[in-house]
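Novice: Here it is, the structure, as structure tokens.
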Amino acid sequence: MNFLGLIASILIAINPPSDFICDGELLSATIRNNLNGDFSVVANLEEIDQGAFAVLNWKDINLMLPISFQSGEISFTDKKWLWSYQDNKRGLHDNSPRFAQRLQNGQIVEHSCKSVENDEKNLT
């Protein structure tokens, strides 16, 4: 019975890609857990802990966004930038995460992102 549970958990694991094309530029995303100070890389979105953060490198911008604690969401924000794999409106969207930026005037700029693997599939 445990063997079947293990197989089922592997099949339902949500493994986010790490490379995306956002507004035509490569973005690298890494999620790390840090509840115990170990900074372990997260390979499954179901295993994110309360100390998790996302590291995003895009253009000349390097961000470290803490996890947001919005119910039903898998997102990271510093209230200026938002990186989201799941929200209550769109559901799970790990291959096309939401990447948004709040400008000083309060306007929200949405950056279009698709996983590199997804983008390559669309080219063939």
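Novice: Which ³J(HN,Hα) values in Hz, rounded to whole numbers, follow from the phi angles of the range 22-28 under the Karplus curve 6.51 cos²θ - 1.76 cosθ + 1.60, where θ = phi - 60° and Gly and Pro get x?
Specialist: 10, 6, x, 10, 5, 10, 9
Novice: Another one. Taking amide H positions as placed 1.01 Å from N in the peptide plane, with prolines and chain starts having none, which residues 5 or more places from TRP81, or on another chain, fall under 5 Å of its amide H?
Specialist: Result for TRP81 returns ARG102.
FYI, it's all coordinate maths here, none of it is from the lab. Since the model is a prediction, treat every value here as computed from it, not as a measurement.
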